[in-house]
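The values are calculated or read from the model by the stated rules, or taken from the named source; none is laboratory data. Quick caveat, the model's predicted, so the values are computed rather than measured. We place every Cβ from the backbone using ideal geometry, glycine too, and count neighbours over all the protein chains shown.
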């Protein structure tokens, strides 16, 4: 079916009346108006203000009319802030979804959780000819563990499902910990792992985890299945290696080495905000020495990145505070952060050093406990 985001025609007069009513309510305290009932009685508990209709004409707040006129055009624009018309399709199988996506030749978008897609549609930054809702496609929301293959997660698996999954907590507790930092619970209840990876936000936890844990992203198209390493999949900010006719179907995480310690650290202005910087760490040890070290950073480059030089410093070494400090300094020197309204480049670089040092210390501590 065709969905028109504009809705029924809205006249300027309708918009003006609607906006006038809204502004009248919002500005009552500014106009000396309180909770006045239809009988003219002030219900707010204070009688220092009279109802508007009881005021003489020369005392009425004429500037309210000016405010209405100034804001009427805003209401008109808001009335149009809806998606452009598109075809809404609901495939009931994986094959149907892939065939439908291919049929539109890059002019369609897949709808999973919609937490990033819908705002882009509403602002008309995206104008797809079709929206393909894959929420009714079976077999895309699994969380499976196999000792020989690792963790396999279906593309429609919600963030909150990963956060509370006992399977994920047992084998990849770093994923469980990181999911608690993803936006707010309402977002986590709808957002999906496949959608997050396809969106490829530089400050997205799942993209960083995919890089940290050497994940493989499985996509399917009419040409068959394709498996890409996370590093090859994440091309740039909001840019991936997916072709127009490809759909992510699964994400695979190979097993961690025995005795691996882990940690995830994130700094954001407020709970639920996008991170200014975040760090994930994995440290595996044998005989007290590091056999594997992984450090991934997000929020400081166009994509999530691995701190390869810092990882190399740790290999073969025993834990000591000076080693952790050196790795943190290496990671800090390797990044080229951007500046924005939230933080300067220098501040982000400083955060990388602090968070890497904290994450590595915690990962070493967990690794020692695992080795006992």
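Observations on the structure shown:
- Helices (runs of 4 or more DSSP H) completely within the range 116-173 that count 3 or more residues being in contact with a strand residue (DSSP E or B) (Cβ under 9 Å, 6 or more places away or on another chain) and assigned by TED's automatic domain parsing to the domain that holds residue 187: 159-164, 166-171
- Single residue of the range 343-363 satisfying the filter (out of contact with any helix residue (DSSP H, G or I) (no Cβ under 6 Å at 6 or more places or on another chain) and within 14 Å of residue 174 (Cα to Cα)) that is surrounded by the fewest Cβ atoms within 10 Å (Cβ to Cβ): 362
- Qualifying residue in the range 96-108 (condition: surrounded by 19 or more Cβ atoms within 10 Å (Cβ to Cβ) and on the phi > 0 side of the Ramachandran plot): no
- Some residue of the range 334-345 being part of a helix (DSSP H, G or I) and on the phi < 0 side of the Ramachandran plot: yes
- Qualifying residue in the range 240-247 (condition: touching a residue at least 40 places away in the same chain (Cβ under 8 Å), out of contact with any helix residue (DSSP H, G or I) (no Cβ under 9 Å at 6 or more places or on another chain) and assigned by TED's automatic domain parsing to the domain that holds residue 198): no
Residues checked against (1) modelled with pLDDT of 95 or more; (2) within 30 Å of residue 343 (Cα to Cα); (3) surrounded by 20 or more Cβ atoms within 10 Å (Cβ to Cβ):
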position	(1), (2), (3)
198	yes, yes, yes
214	yes, yes, no
219	yes, no, yes
226	yes, no, no
231	yes, yes, no
246	yes, no, yes
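- The criterion of being assigned to a loop (DSSP other than H, G, I, E, B), touching a helix residue (DSSP H, G or I) at 6+ places or on another chain (Cβ under 9 Å) and not assigned by TED's automatic domain parsing to the domain that holds residue 239 holds for residue 272.
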